[in-house]
1. Please identify the pairs in which a residue from segment 286-299 that is small (G, A, S) has its Cβ atom under 6 Å from the Cβ atom of a residue that is modelled with pLDDT of 95 or more and surrounded by 11 or more Cβ atoms within 10 Å (Cβ to Cβ), counting only partners at least 6 apart or on another chain.
2. Criterion first (under 17 Å from the mean Cα position of the chain (by Cα), more than 20 Å from R105 (Cβ to Cβ) and modelled with pLDDT of 95 or more) does L162 satisfy it?
3. Suppose the filter is at pLDDT below 95 and farther than 23 Å from T156 by Cβ; does P304 pass it?
4. Keeping to segment 50-79, report how many residues are touching a residue at least 40 places away in the same chain (Cβ under 8 Å), part of a loop (DSSP other than H, G, I, E, B) and hydrophobic (A, V, I, L, M, F, W, C).
5. Would you check if A244 is surrounded by 11 or more Cβ atoms within 10 Å (Cβ to Cβ), within 27 Å of R204 (Cβ to Cβ), out of contact with any strand residue (DSSP E or B) (no Cβ under 9 Å at 6 or more places or on another chain) and in contact (Cβ under 8 Å) with a residue 24 or more places away in the chain?
6. How many residues are crowded, with 19+ Cβ neighbours inside 10 Å and in contact (Cβ under 8 Å) with a residue 60 or more places away in the chain if we restrict to segment 137-158?
7. Just one of A15, A28 is modelled with pLDDT of 95 or more, crowded, with 24+ Cβ neighbours inside 10 Å and closer than 16 Å to D95 by Cα; which is it?
8. Looking for whichever is buried (at least 18 other Cβ atoms within 10 Å of the Cβ), more than 19 Å from the chain's Cα centre (by Cα) and free of Cβ contacts under 8 Å to residues at least 24 places away in the same chain here; the options are S172, S82. Which one fits?
Amino acid sequence: MSGLCDGRVTVVTGAGRGLGRAHALAFAAEGAKVVVNDLGVAPDGAGASAGPAQQVVEEIRAAGGEAVAHGGDIATTDGAASLVATALDTYGRLDTLVNNAGFLRDRMLVNLGEDEWDAVIRVHLKGHFLPLRHAAAHWRAEAKAGRTPVARVVNTSSGAGLLGSVGQGNYSAAKAGILGLTSVAAAELGRYGVQVNAIAPAARTRMTEATFAGDMAAPDDPAAFDAMAPANVSPLVVWLGSAACAGVTGRVFEAEAGRITVMEGWRPGPAADKGARWTPAEAGETARKLLAGAEPPQPVYGAP
């Protein structure tokens with residue numbers, strides 16, 4: 001490996017399995033010291049176990065790297081604060097935060113319970129906000145003390161956040177919210193030496209195994225490229241978490257298999273200005289004319 005992250009300390013949430021595990025291993029392979037956060041819950045957020053996080057720590061140490069486990073709930077103030085404190089107390093610094101933790105509770109909207117909505121919004125959106133807030137407070141203090149950091153944040157959105165996904169109203173809303181949070185954080189924190197970007201990954205994890213079950217390398221050909229392996233996403237995350245990505249902030253990237261795409265987000269399309277108030281009929285007629293000249297939206301995942 002190139003040692004792209006030598007001397008850096010990286011925190012990865014939800015790092016016990018799937019994408020988070022792949023990111024933690026990839027950062028360690030590039031020389032970073034890693035705080036591996038995971039509650040060890042089931043795919044729907046039930047239960048808890050210290051085993052997954054500790055197992056990743058042991059994998060990193062066995063490969064000659066440095067890592068420590070953190071089992072706190074990062075969607076709580078205390079858990080997020082202790083996450084940042086673990087990095088500082090163990091390694092004396094914090095350079096990169098990768099927000100990745102999450103789970104699913106899928107339902108069609110008419111069947112989606114308030115508790116299922118709250119749980120998914122909490123772990124994804126609040127679980128991004130609180131670690132980011134506590135890390136940012138540390139970096140701001142460092143900058144004000146004359147020690148401006150070379151800090152990086154990588155948030156995890158989804159194609160569901162970009163386009164929506166049938167049966168995932170709660171998850172889609174949370175992932176769309178993460179994109180808004182990323183834009184604001186990038187604008188607010190740049191003065192303190194912090195760059196903030198987001199990825200929308202596609203990979204085979206516990207949350208997507210039913211979707212991507214067939215997209216695997218041929219079992220009789222171990223050298224074949226496994227397009228849906230989580231590790232395919234991690235190189236971009238490592239680069240975004242390193243000093244090498246200087247000047248890149250407020251961006252969203254799709255990452256899947258061997259493809260990286262820069263997403264361009266909402267941009268103004270066709271417009272009309274009457275210079276006065278429209279009547280409802282005029283507004284409707286004008287809207288239809290504008291729509292006729294506009295690019296159609298990308299289809300929602302799972303839509304007929």
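1. From residues that are small (G, A, S), the pairs are G293/P270; A294/P270.
2. On the way: under 17 Å from the mean Cα position of the chain (by Cα): yes; more than 20 Å from R105 (Cβ to Cβ): yes; modelled with pLDDT of 95 or more: yes.
Considered against the rule, which asks whether it is under 17 Å from the mean Cα position of the chain (by Cα), more than 20 Å from R105 (Cβ to Cβ) and modelled with pLDDT of 95 or more, L162 comes out as yes.
3. On the way: at pLDDT below 95: yes; farther than 23 Å from T156 by Cβ: yes.
The answer is yes for P304.
4. 2
5. For A244, the condition - surrounded by 11 or more Cβ atoms within 10 Å (Cβ to Cβ), within 27 Å of R204 (Cβ to Cβ), out of contact with any strand residue (DSSP E or B) (no Cβ under 9 Å at 6 or more places or on another chain) and in contact (Cβ under 8 Å) with a residue 24 or more places away in the chain - is not met.
6. Residues flagged as crowded, with 19+ Cβ neighbours inside 10 Å and in contact (Cβ under 8 Å) with a residue 60 or more places away in the chain within segment 137-158 amount to 4.
7. On the way: A15 fails: closer than 16 Å to D95 by Cα.
On inspection, the qualifying residue turns out to be A28.
8. Values: S172 fails: more than 19 Å from the chain's Cα centre (by Cα).
Just a single option satisfies the conditions, and that option is S82.
The values are calculated or read from the model by the stated rules, or taken from the named source; none is laboratory data. As the structure is a prediction and not an experimental result, all values here were calculated from the model. A quick note on method: Cβ atoms are made from the backbone with ideal geometry, for glycine too, and the neighbour counts reach across all protein chains shown.
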